[in-house]
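The values are calculated or read from the model by the stated rules, or taken from the named source; none is laboratory data. Here the structure is a predicted model, which means the values were calculated and not measured. Because the Cβ atoms are built from the backbone with ideal geometry, glycine has one as well, and the counts that use them run over all protein chains shown. For the accessible areas, the whole protein counts, side chains as well, though only heavy atoms, and no ligand, DNA or RNA atoms are used. Shrake-Rupley method; radii C 1.70, N 1.55, O 1.52, S 1.80 Å.
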Amino acid sequence: MSNIFLLVPFASILALVFAWFFFKSLMKNSEGTDRMKEIAQYVREGAMAYLKRQYKVVGIVFLILFILLTIMAYFGVQNPFVPVAFVTGGFFSGLCGFLGMKTATYASARTAHGASQSLNKGLQIAFRSGAVMGLVVVGFALLDIAAWYWFLSSVIFTPEHMANGLEFLGLHFVRGSADYSANGMITEAGQRVKLIEITVTMLTFGMGASTQALFARVGGGIYTKAADVGADLVGKVEAGIPEDDPRNPATIADNVGDNVGDVAGMGADLYESYAGSILATAALGAALPALVLSDLNIDPVKAVTAPMIVAAIGILLSIVGIFMVRTKESATQKNLLNALLIGTGGSSVLILIAMAGMAYAGWVTWGVFGAVVIGLAAGVIIGQATEYYTSDEYSPTKGIAKQANQGPATTIIDGLAVRCNSFCNGGLRNWFCRGRYALNIRYHAGYRCFWPYC
């Protein structure tokens, strides 16, 4: 295993260290008045109660699926490591959602109090508390992927096991063949089988994360919408209480729903999509024909580990980008959004330099480098386009507000027109960014890795 692969666990551990650092920095700030602390505590207790209940149900589902996968492994339908990989994926996905929601419930009142003292302080608290979620997601995902790859590659699929096989308690972990090893070295055919077996097993890790994300996202989403509608119907319509008034208990439930759906659910979902993009790209690298790899002068192992290394570099540069985000006290909303753009743009430039270095060293092709360029450009363009069409600093939103003075009909028409225009821009971007292996690397290098907490 190449020494450069050590960058993967190093970057993942560093991400977790900075997540802990940002969380500790967050907790040093005041929550504000006693009333603010009281409301924040209500939301925190409600969110934790919901998550505890949900994880009990999800735990039962995972236990049933684990038993089924174990039975399938016993009868040789799949690798015996699949059930364990499935459970670890689900566990870390749920853990990321829990840690993200815990941070959010502590950050809300502190952000509001910080913004009342200083605009830059409010931005720093909000942005870095959001960064905790992002860094926890990428840190745990990449650490788990690196651990599984090292364990399977260095401990299980060794030259001896590839030649003689590995069996324990009636389970066939490695099906050996004399063609897979010669003179203590894994042959080309054995290397191909080894990489395919490793990536297939690790893909099940992504399936576990997807199962957890399904429950967290859908369950949390249903809860938050139900609480939101209930708060509006009971509070505003029946009791005449203003929206988001803490005297309405459903308002607390609505805020609880925002945390369990938009934070815990999003954390689990991000973990699944981030890990899935890396594992899918690694699987495509293992499935590339030997002739193609030979023509491109790429080692099969590099084709599998390159997505992990690119993701590790993305983590390191994301941390740099976090410290680029700051603003002045007299800032408008446009200035705040530009402050975020500075971090995005700075990290984008740095990742291009890093990817160019990897292409020059032969770890990836220049075609993959071009895909990352496209991904970075697409990510920045779609972000800026979204800002243009939704911010009240620009003409589309101002135009809709102006039409509202004339009546609901023209407001709806203008709103639909703006929506269609923004949708067409996004559609053109998606059509332009088509591909397989290269554009999967674009996904987690040029888009997801930089700003996973946005």
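Computed from the C-beta positions of Leu6 and Glu160, the FRET efficiency with R₀ = 25 Å rounds to 0.55. Leaving ligands, DNA and RNA out of it, report the carbon-plus-sulfur percent of the accessible area of the chain at a 1.4 Å probe. The value for the chain is 66 percent carbon and sulfur by accessible area. Mind checking which of Thr187, Val364, Gly76 is farthest towards the positive end of the chain's charge dipole, using Cβ charges of +1 (Lys, Arg) and -1 (Asp, Glu) about the Cα centre? Checking the options against the dipole of the chain, the answer is Val364. Other residues with beta-carbon under 14 Å from the beta-carbon of Ala264 carry, at +1 per Lys or Arg and -1 per Asp or Glu, a net charge of +1. Full extension of the chain between Lys402 and Glu167 yields a length gain of 77.3 nm, computed as 0.36 nm times the residue separation minus the alpha carbon distance.
Restricting the range 164-210 to trypsin sites (Lys or Arg not before Pro) that sit in a DSSP loop and have at most 16 other Cβ atoms within 10 Å of their own Cβ leaves Arg175. Counting Cα-Cα pairs of the range 1-148 in 10 Å increments starting at 0 gives whole-percent bin shares of 11, 28, 29, 20, 9, 3, 0. What is the helix-to-structure angle for 34-74, meaning the angle in degrees between its Cα long axis and the longest Cα principal axis of the chain, kept from 0 to 90 and rounded to the nearest 10? The two axes meet at around 30 degrees. In terms of accessible area, using a 1.4 Å probe and ignoring ligands and nucleic acids, Cys96, Cys420 rank largest first as Cys420, Cys96.
Selection among Phe62, Phe157, Gly134 by position relative to the dipole of the chain gives Gly134 as farthest towards the positive end (Cβ unit charges, Cα centre).
For the pair Lys24 and Val229, a Förster radius of 35 Å applied to the C-beta separation gives a FRET efficiency near 0.40, rounded to the nearest 0.05.
Of the residues Tyr271, Tyr180, Tyr74, the one with the largest accessible area comes first in the ranking Tyr74, Tyr180, Tyr271, computed with a 1.4 Å probe on protein heavy atoms.
Lysine pair count for the range 1-123 (Cα-Cα distance under 23 Å; residues 8 or more apart in sequence or on different chains): 12.
Residues whose amide H falls under 5 Å from that of Phe173, counting only those 5 or more places apart or on a different chain, are Leu166, Glu167, Phe168, with hydrogens built in the peptide plane. Taking each DSSP H run with n ≥ 4 as -39500 (n - 2.57) and averaging over every residue of the chain yields -26000 deg cm²/dmol at 222 nm. Counting only lysines at least 8 places from Lys225 when in the same chain, those with an alpha carbon closer than 19 Å to its own are Lys236.
In the complete set of protein chains, residue-level accessible area for His113 is approximately 40 Å², probe 1.4 angstrom.
The stretch between Arg53 and Ser116 holds 19.1 nm of extra length on full extension. This uses 0.36 nm per residue minus the Cα-Cα distance.
Charge dipole (Cα centre; +1 on Lys/Arg Cβ, -1 on Asp/Glu Cβ; no other charges) of the chain amounts to roughly 520 debye. Candidates Phe323, Gly257, Leu95 compared by Cα position along the dipole of the chain: farthest toward the positive end lies Phe323, with charges placed on Cβ. Against the chain, whose longest principal axis is taken from its Cα atoms, helix 366-390 shows a tilt of about 10°. For the chain, the solvent-accessible area of protein heavy atoms averages 48 Å² per residue (probe radius 1.4 Å; ligands and nucleic acids excluded).
Quick one: helix 7-27 against the long Cα principal axis of the chain, what's the angle to the nearest 10°, folded into 0 to 90? Once rounded, the angle reads 20 degrees.
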